[in-house]
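Structure first, commentary second.
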Amino acid sequence: MDASQLPKGQSMERTSDGRPLNMPGVYKHKDTGATFITASGEEGVIQADALQSPVWQGAWERVGDVPTRTEILAAQKAQALKDAAEEAAKKKAEEAELEAAVKAAK
């Protein structure tokens, strides 16, 4: 779509110099795989501009939108449940190993 066809104020151009608007979101580093989630709103645009600046030479790519607080809380709860399940499995395996060692010692 041509920018001239967009309603007033909805152009992806941020300034008169023609630079595109770098949207807030989830950015991933292409080499290391590190993830950076920008703030939402104007602060996120500033952070996205920094990640897309010539200093980084295209090292960061946008992979998604900024998650909502609800999505972040759900992800944290899911991770906590996963960590608890892994810890329980590890503890159970250690107890079984200890029990086998006690039986072998008798």
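Quick rundown of the values:
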| quantity | calculated |
| --- | --- |
| Search result, residues across the stretch 54-78 that are in contact (Cβ under 8 Å) with a residue 24 or more places away in the chain and either closer than 20 Å to GLU42 by Cβ or of a type in the set (S, T, N, Q) (or both) | TRP60, ARG62, GLY64, ASP65, VAL66, PRO67 |
| Test: residue in the stretch 50-70 that is over 15 Å from LEU21 (Cα atoms) and part of a helix (DSSP H, G or I) | yes |
| Residues located in the stretch 21-34, provided they are surrounded by 11 or more Cβ atoms within 10 Å (Cβ to Cβ), modelled with pLDDT of 90 or more, assigned to a loop (DSSP other than H, G, I, E, B) and not aliphatic (A, V, I, L, M) | PRO24, GLY25, LYS30 |
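Yes/no per residue for (1) surrounded by 10 or more Cβ atoms within 10 Å (Cβ to Cβ); (2) touching an Asp or Glu at 6+ places or on another chain (Cβ under 6 Å); (3) of a type outside the set (A, V, I, L, M); (4) at pLDDT 90 or above:
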{"residue": "GLN5", "(1), (2), (3), (4)": "no, no, yes, no"}
{"residue": "SER11", "(1), (2), (3), (4)": "yes, no, yes, no"}
{"residue": "THR15", "(1), (2), (3), (4)": "no, no, yes, no"}
{"residue": "PHE36", "(1), (2), (3), (4)": "yes, no, yes, yes"}
{"residue": "ALA59", "(1), (2), (3), (4)": "yes, no, no, yes"}
{"residue": "LYS91", "(1), (2), (3), (4)": "yes, no, yes, yes"}
{"residue": "LYS103", "(1), (2), (3), (4)": "no, no, yes, no"}
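The values are calculated or read from the model by the stated rules, or taken from the named source; none is laboratory data. Because the structure is predicted, anything quoted here is derived from the model rather than measured. Every residue, glycine as well, gets a Cβ built from its backbone with ideal geometry; the counts of neighbours run over all protein chains shown.
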